Amino acid sequence: MTSERSRFGWWLGHAEAGDGEAMLEVATRFERGAGVEVNAGAALGWYRRAVHAGVAIAPALVGETVFEADPIAGITWLMLGFERAPDGDDANATIATSLSMHEPRLSDAAVQAAQVWADACRERAQWPDEVPAPHHVTAPFRPRPPTPSLPQRSPREAPQLTKPLSFGPWRVTLPPAAAIETMRVGQHLKATWGGAYALHLVWTNLAPGVDIDGYVQRSNTSTQRLWRPDAPPARFLLHGVDTTSCLYTGLGPSAGQRALKRFATRDERVAIVTAVAPVAAFGAKFELLEAVLDGVHLS
């Protein structure tokens with residue numbers, strides 16, 4: 001069986017010979033550490049080489065890669081990539097989605113600066129890495145909107161929840177028989193119990209300019225092929241945390257399952273907690289599942 005390192009070497013050889021698609025593969029492997037050590041700088045370098053090799057999707061990948069560190073550069077890459085992708089190319093939809101997600105996070109000054117930079121690139125028929133940035137914006141992101149006035153919800157309690165679990169700054173109490181599995185260290189835990197119930201707990205930090213409402217909307221949109229919302233999201237304060245609760249029925253490969261999902265955030269910290277069970281078992285334990293999710297709080 002060919003090793004990951006051997007596969008990386010094969011792709012690298014083709015990339016160095018000028019194959020644009022191979023450049024993307026090499027960049028992705030540097031980004032993920034597949035057959036080579038993770039190297040973000042090398043990944044970005046190969047994405048940029050793929051741009052100059054004429055790969056239509058590559059500008060979007062450069063823009064996504066640099067956005068958090070330099071959001072004006074990221075948006076400029078995305079703008080130009082969208083304009084220059086051939087009509088009908090699959091890259092168009094991907095880049096348009098990235099623009100719709102990232103551009104609303106930017107301040108008006110940052111968007112104007114990106115437009116000036118894009119104009120300079122258009123005049124020279126070049127890309128942003130060939131045209132110096134004609135801007136300096138000290139606060140490129142929009143401030144996160146304040147938490148609106150929300151109804152207070154008291155947490156439901158269940159006496160059978162006795163197993164405490166700490167995960168980053170978040171705490172939750174589970175049934176005593178719950179088995180804990182680390183899906184991704186520091187980011188994603190899974191708990192299972194009773195042969196039918198699973199709980200996923202993911203936590204992260206919201207990026208600058210992102211509010212919980214926009215975050216929930218994007219999450220719901222991204223899961224619509226797998227989960228159908230059963231009701232509009234309910235938003236309230238629980239333990240003083242801005243919480244949005246969603247109820248879903250599975251579609252496609254998730255058919256036969258139901259899920260109760262919560263987004264809980266304070267400042268930039270967000271926990272995403274999902275309880276999943278077969279439809280037949282979901283209703284019988286709904287109150288327990290709600291009690292588990294109600295128990296998620298910041299320490």
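Each value in this text was obtained by applying a stated rule to the coordinates, not by laboratory testing. Nothing here was measured: the structure is a model prediction, and the numbers come from that model. Every residue, glycine as well, gets a Cβ built from its backbone with ideal geometry; the counts of neighbours run over all protein chains shown.
Between T223, P164, L288, the Cα set farthest toward the positive side of the dipole of region 152-298 (charges on each charged residue's Cβ, about the Cα centre) is that of T223. Here's how it looks for W227: its modeled amide H is under 5 Å from those of L251, which are all 5 or more places away or on a different chain. Evaluating 6.51 cos²θ - 1.76 cosθ + 1.60 at θ = phi - 60° for every residue in region 185-200, the Karplus couplings come out as 4, x, 10, 8, 10, 10, 10, 10, 7, x, x, 10, 10, 9, 10, 10 Hz, glycine and proline recorded as x. Averaging the Cα positions of each part gives two centres, and for region 73-109 and region 159-205 these lie 37 Å apart. With 0.36 nm allotted per residue and the present C-alpha distance subtracted, the D230-W10 stretch has 74.4 nm of extension available. Note on the chain: with a GNM built from Cα contacts shorter than 10 Å, the maximum mean-square fluctuation among P229, P169, P159 falls on P159. In angstrom, the C-alpha Rg and Dmax of region 155-234 are 15.0, 41. Annotation for region 23-60 versus region 2-21: alpha-carbon center distance of 12 Å.
Taking other C-beta atoms within 10 angstrom as a stand-in for reagent exposure, M79, M183, M101 fall in the order M183, M101, M79, fewest first. The magnitude of the dipole of region 152-298, with charges of +1 and -1 set on the Cβ of Lys/Arg and Asp/Glu and taken from the Cα centre, is near 260 debye. Considering all different alpha carbon pairs of region 152-298, the Kirkwood hydrodynamic radius works out to 15.5 Å. Note on T182 and A93: the extension gain reaches 28.6 nm, defined as 0.36 nm multiplied by sequence separation minus the Cα-Cα distance.
Principal axis analysis of the Cα atoms in region 4-130 yields extents of 47, 26, 25 Å, listed in decreasing size.
Exposure proxy ranking for S154, S222, based on other Cβ atoms within 10 angstrom of each Cβ and starting from the fewest, stands as S154, S222.
Please arrange D89, D129 by counting, for each residue, the other beta carbons lying within 10 Å of its beta carbon, fewest first. Before the final figure, lay out the partial values.
On the way: D89 13, D129 16.
Final ranking by Cβ density, sparse to dense: D89, D129.
Considering only R171, R124, R235, the mean-square fluctuation computed in a Gaussian network model of the chain, springs between alpha carbons under 10 angstrom, is largest for R124.
So for region 221-287, considering every pair of alpha-carbon atoms, how many percent are separated by more than 20 Å? Across region 221-287, Cα pairs with separations above 20 Å total 32 percent.
For region 4-130, the dipole from Cβ point charges (+1 on Lys and Arg, -1 on Asp and Glu) about the Cα centre works out to 240 debye, to the nearest 20.
Can you give the helix-only mean residue ellipticity at 222 nm for the chain, where every DSSP H stretch with n ≥ 4 adds -39500 (n - 2.57) and the sum goes over all residues, rounded to the nearest 500 deg cm²/dmol?
Mean residue ellipticity, 222 nm, calculated: -12000 deg cm²/dmol.
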